[in-house]
Amino acid sequence: MTVSIVIPLYNEEENVEPLYERLHEVLDTFSSGYEIIFVDDGSTDKTLAILESFQKKNEHVIVLSLRRNFGQTAAFAAGFDFARGDVVVTMDGDLQNDPKDIPRLIEKLKDFDLVSGWRKHRQDTFFTRRLPSIIANWLISKVTGVNLHDYGCSLKAYKRDVVKNLRLYGEMHRFIPAMASWYGVKIAEIETTHHPRLRGKSKYGISRTIKVILDLITVKFLQSFSTKPIQFFGPVGVLFALGGLGISFYLTIEKLFWGAMLAGRPLLLLGVLLIIVGVQFIGMGLLGEMIVRVYHESQKKPIYAR
Ligand code: UDP
Ligand code: MG
């Protein structure tokens with residue numbers, strides 16, 4: 001069994017040397033082959049230069065370099081594309097994750113397809129990092145139905161098939177377990193060590209919470225309705241349109257039989273608005289159905305096959 005370690009790095013010049021050393025200590029004990037894929041995510045400091053010096057002296061090291069800072073998700077995706085191992089392990093490059101946990105993750109992977117780290121004793125500040133994370137993890141678990149304590153932990157191990165079938169974009173790497181579970185991937189979580197960040201700066205602030213919640217809405221929508229958009233948009237559309245038609249019908253009766261004046265009546269506006277919005281919703285559903293159909297016809301194999 002061969003292992004690929006994928007590590008995204010953005011301006012981590014002070015961390016790469018110790019990271020490399022610690023990885024070495026662990027990976028030297030590996031009898032089977034391994035590769036370390038460092039993905040430089042458009043760093044503007046010496047990160048890339050240092051990484052390239054490792055590549056020169058160690059054939060196990062591969063350096064991928066993104067042209068600009070694309071974000072952690074894109075960096076993972078680049079690493080996954082390249083990875084040749086039977087097992088793919090991801091971790092942060094700032095030494096907050098500990099390479100010593102890698103063998104335990106891989107061991108657990110014998111019975112699962114994805115093993116996710118859980119930073120049970122997380123070494124970050126409470127109000128800006130840990131509290132938002134507790135709430136986010138609870139929310140993500142509830143909404144996606146995939147119960148993990150720690151969606152945000154980068155330290156994860158995957159069987160090759162899982163990463164090769166993922167299509168990552170935006171900031172979706174946090175939702176990999178949720179998305180993978182739709183395809184029947186078996187997921188486990190184990191406690192892993194977490195260290196405080198000693199060098200360099202965190203790349204995220206509190207604004208991440210809002211982005212994560214928006215992404216969660218997207219993920220939930222994709223999970224529930226991506227193969228049947230008309231069932232999401234349709235009922236709302238029909239409800240609105242029927243409401244609008246009902247109001248218009250009532251106003252027509254008033255006008256015809258009681259000679260009521262319709263100009264200047266807010267109800268008339270509401271009726272028209274509901275009909276238009278309702279028709280729009282149904283149209284969106286139909287458009288969605290067409291996109292789904294075109295997509296499925298373009299696929300050679302069903303998307304749930306391995
Ligand atoms: N990272 C990256 N691109 C980015 C932001 C972060 O490759 O745009 C890397 C970063 O260098 C680190 C990992 O992703 O190796 C996690 O980032 P960070 O430590 O800032 O996140 P935190 O631990 O604070 O959540
Ligand atoms: Mg960190």
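Below, the figures for the structure above:
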quantity	calculated
Given (1) hydrophobic (A, V, I, L, M, F, W, C); (2) over 26 Å from Tyr204 (Cβ atoms); (3) surrounded by fewer than 19 Cβ atoms within 10 Å (Cβ to Cβ), index of the condition Leu64 fails	(2)
Output for the stretch 85-115, where each listed residue is within 16 Å of ligand 2 (Cβ to nearest atom) and in a helix (DSSP H, G or I)	Pro99, Asp101
Boolean, Tyr204 is out of contact with any His (no Cβ under 7 Å at 6 or more places or on another chain) and within 16 Å of ligand 2 (Cβ to nearest atom)	yes
Condition check for Gly145: touching a Lys or Arg at 6+ places or on another chain (Cβ under 7 Å) and either more than 21 Å from Val3 (Cα to Cα) or within 16 Å of ligand 2 (Cβ to nearest atom) (or both)	no
Where Lys211 falls short, out of the listed (1) within 16 Å of ligand 1 (Cβ to nearest atom); (2) modelled with pLDDT of 95 or more	(2)
Residue within the stretch 169-192 that is within 14 Å of ligand 1 (Cβ to nearest atom), polar (S, T, N, Q) and out of contact with any Phe, Trp or Tyr (no Cβ under 6 Å at 6 or more places or on another chain) present	yes
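Here is a yes/no grid of residues against (1) in contact (Cβ under 8 Å) with a residue 60 or more places away in the chain; (2) within 13 Å of ligand 1 (Cβ to nearest atom); (3) more than 25 Å from Glu189 (Cβ to Cβ):
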{"site": "Glu21", "(1), (2), (3)": "no, no, yes"}
{"site": "Val39", "(1), (2), (3)": "no, yes, no"}
{"site": "Val87", "(1), (2), (3)": "yes, no, no"}
{"site": "Glu107", "(1), (2), (3)": "no, no, no"}
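For (1) among the aromatic types (Phe, Trp, Tyr); (2) touching a Lys or Arg at 6+ places or on another chain (Cβ under 7 Å); (3) under 23 Å from Tyr151 (Cβ atoms), each residue gets a yes or a no:
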site	(1), (2), (3)
Arg208	no, no, yes
Phe225	yes, no, yes
Lys228	no, no, no
Pro235	no, no, no
Gly244	no, no, no
Ile247	no, no, no
Lys255	no, no, no
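The values are calculated or read from the model by the stated rules, or taken from the named source; none is laboratory data. Computed from a prediction, not measured in an experiment: that's the story for all the values here. Glycine gets a Cβ as well: all are built from the backbone with ideal geometry, and neighbour counts include every protein chain shown.
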